[in-house]
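To keep things clear, I will list the structure first and then write my remarks on it.
The values are calculated or read from the model by the stated rules, or taken from the named source; none is laboratory data. Being a predicted model, the structure only gives us computed values, none of them experimental. Every residue, glycine as well, gets a Cβ built from its backbone with ideal geometry; the counts of neighbours run over all protein chains shown.
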Amino acid sequence: MKKIQQLAIIGATASGKSGASIEIASRTDGYILSLDSLSIYKEIDIASAKPSLNERAGIVHFGIDEIYPNEPFDVTKFIELYQKAYNQAQKNNKTLIIVGGSSFYLKMLLDGVSRLPHISSQTLAKTQEGLQNLHKSYAMLLALDGKYMANIASNDCYRIEKALNIYFETGLVPSNYFTQNPPQAIIQDPLPLYSINTNREILRERIKLRTHQMVENGIIDEVAYLEKKYTRSPNPMKSIGIKETLEYLDGRYCKETMIEKISTNTARLAKRQNTFNNSQFQDVIKISLEDLYKIEV
């Protein structure tokens with residue numbers, strides 16, 4: 001089948017990526033794949049600052065409202081999501097615009113990840129049995145493959161399950177399996193990659209404005225609802241915007257301090273995002289937000 005036209009837009013949070021991607025998609029009759037690690041979750045609307053249905057302007061979005069907050073998500077599932085978006089764009093002759101602040105996922109699309117083996121029903125049953133005693137299974141894996149397991153917490157059920165599946169299915173510890181099955185790039189065609197260049201002070205003001213807007217839109221009620229429905233255990237409940245609001249609900253912060261904490265932590269996140277983008281991507285087209293709106297696809 002015919003290859004599709006793709007482009008990627010990265011930049012710090014609140015740099016204006018979403019608005020630009022929607023305008024470009026409208027002009028080019030394209031689809032959008034979100035790289036945002038929080039917008040992936042249903043019911044986390046205000047805290048994620050995801051574009052509303054009205055703001056999406058009828059553009060088909062992938063990577064928004066895909067799973068619930070208590071469902072696991074990792075890079076392999078994101079790759080499946082990319083492949084779904086690519087196939088749909090290919091089928092309907094659309095441009096695919098990849099955009100977001102969680103550019104680690106884009107890095108994995110370009111660098112690739114090792115493919116996991118097919119897991120038999122016998123292995124699944126054995127793994128589930130092993131998960132009944134998570135501490136024992138972790139200790140076993142740590143003794144067998146200390147280097148790999150050192151990066152996995154002893155209570156990380158999801159990653160321990162993956163490691164057990166690999167070991168029981170292949171007889172190889174994860175380190176050896178991944179050595180024998182090196183990563184393969186998912187995106188192999190040239191990918192125009194635009195990075196929004198935003199003045200630091202302007203970005204801070206945008207973050208402050210967005211934080212105040214989130215409060216006006218009802219982030220406190222949203223977080224209270226999320227806590228009641230999902231508890232504080234799921235990973236997204238530890239995200240910026242949610243964790244500070246929970247501390248406000250606990251009485252640790254007044255509303256003004258909560259707003260200040262969200263703004264400060266978001267600005268720090270933006271700095272980390274810029275550092276990652278500058279160090280991890282080559283052949284990047286650095287561009288102002290105004291010029292990004294004008295690009296020809």
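Of all residues assigned to region 183-198, at least one qualifies as being at pLDDT 95 or above, in the same structural domain as residue 63 (by TED's automatic domain parsing) and of a type in the set (Gly, Ala, Ser).
Every condition in (1) outside the structural domain of residue 165 (by TED's automatic domain parsing); (2) in contact with a helix residue (DSSP H, G or I) (Cβ under 7 Å, 6 or more places away or on another chain); (3) among the small types (Gly, Ala, Ser); (4) at pLDDT 95 or above is met by residue 89 except one, and the failing one is (2).
Just the residues that are surrounded by 15 or more Cβ atoms within 10 Å (Cβ to Cβ) and assigned to a helix (DSSP H, G or I), please, taken from region 266-284. Don't jump to the end; show me each part of the working.
So the first thing to find is which residues in region 266-284 are surrounded by 15 or more Cβ atoms within 10 Å (Cβ to Cβ), and the list is 266-267, 269-270, 273-274, 276-277, 280-281, 284.
Within region 266-284, 266, 267, 269, 270, 273, 274, 276, 277, 280 qualify.
Whenever a residue of region 130-141 is on the phi > 0 side of the Ramachandran plot and loosely packed, with under 15 Cβ neighbours inside 10 Å, it has no partner that is in a helix (DSSP H, G or I) and not acidic (Asp, Glu) lying with C-beta atoms less than 9 angstrom away and at least six residues away or across chains. Within region 256-265, one or more residues are loosely packed, with under 13 Cβ neighbours inside 10 Å and more than 14 Å from residue 11 (Cα to Cα). Give the residues of region 79-97 that are hydrophobic (A, V, I, L, M, F, W, C) and either within 18 Å of residue 18 (Cα to Cα) or free of Cβ contacts under 8 Å to residues at least 60 places away in the same chain (or both), sorted by residue number. Within region 79-97, 81, 85, 96, 97 qualify. Here residue 297 meets the list (1) over 14 Å from residue 197 (Cβ atoms); (2) of a type in the set (A, V, I, L, M); (3) in a helix (DSSP H, G or I) almost entirely, failing just condition (3).
Here residue 170 passes the criteria (1) under 30 Å from residue 48 (Cα atoms); (2) modelled with pLDDT of 95 or more; (3) polar (S, T, N, Q) except the one numbered (1).
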